[in-house]
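Peer 1: Sharing a structure here in structure tokens format.
Coordinate-derived values only; no laboratory data. Bear in mind that the values here come from a model prediction, so they are computed numbers and not experimental data. Methodologically, a virtual Cβ is constructed for each residue, glycine included, from the backbone with ideal geometry; neighbour enumeration extends over all protein chains shown.
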Amino acid sequence: MKIKVFVLSLFLVAGGVQANAQGGSKYVSENRNEFRISYSDGLTLGTASFWGMGLGDALTGTQRSDTKASGVIGLGYRYHLNRFRAGLDVGFASVSSKSDYAGSKKQDIKETQLNFMIMPVAELVYYKKGIFELYGSAAAGVDLTRTKKKGLTDRGKEHVDTKAKTSAEFAFQVNPIALRVGNEHIGGYLEAGLGYKGFVTAGVSVKF
């Protein structure tokens, strides 16, 4: 999966460079800088965390409840070069749950995972006319996860390390289809794809 994402990114960049050399005037804008704020469903990240927790629970005999996952809140920047754009996305998400040991009638531990994603992004505009714009994007970077456990009962406190643990792993997002509606200053956009952000991302962008 990781190799496929990198290959797709390379094709996207190569296509964007060629389009930059051959692109028509309709893709050229005086406003080359763009800032974005977005919200994604975060389903893939939440599901992966749930599976990891479930595997650990099967080994320790614990039972988990009150599992909650937030969506991904994101900020992004793009620099426009005709049909090709390059930039950076950052995202934040959290997953929390409570668990009890085998035979316990109380929720002994609360576990919280905080995810911070940093991903360089490449985009290519497929079509642009008036206020409508179709494009695709590919991103690859790192997901920093901070895991903290808190003992809710005396038994839970005995088995919890109070120090938070931080890990890093590869993160990606591929959105083959995306739509932006707006003028050369402000607009809204909707992206569909697969990756650490999830399946659907919606947001607002400002160009200047």
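Peer 1: Relative to the present Cα-Cα distance, how much length would full extension add between Leu144 and Glu158 at 0.36 nm per residue of separation?
Peer 2: 2.3 nm
Peer 1: Something else now. Among 143-151, 84-92, how do they line up from the highest to the lowest mean number of other beta-carbon atoms within 10 Å?
Peer 2: The densest-packed peptide leads the list: 84-92, 143-151.
Peer 1: If you don't mind, there's one more thing I want to ask. Scan region 124-208 for GluC sites (Glu not before Pro) in coil per DSSP, keeping those whose Cβ has at most 14 other Cβ atoms within 10 Å, and list them by number.
Peer 2: Sites meeting the loop and neighbour criteria: Glu184.
Peer 1: Another one. Is there a pair in Lys98/Lys148; Lys68/Lys149; Lys98/Lys197; Lys106/Lys150 whose C-alpha atoms are over 19 Å apart, and which pairs would that be?
Peer 2: From Lys98/Lys148; Lys68/Lys149; Lys98/Lys197; Lys106/Lys150, over 19 Å: Lys98/Lys197.
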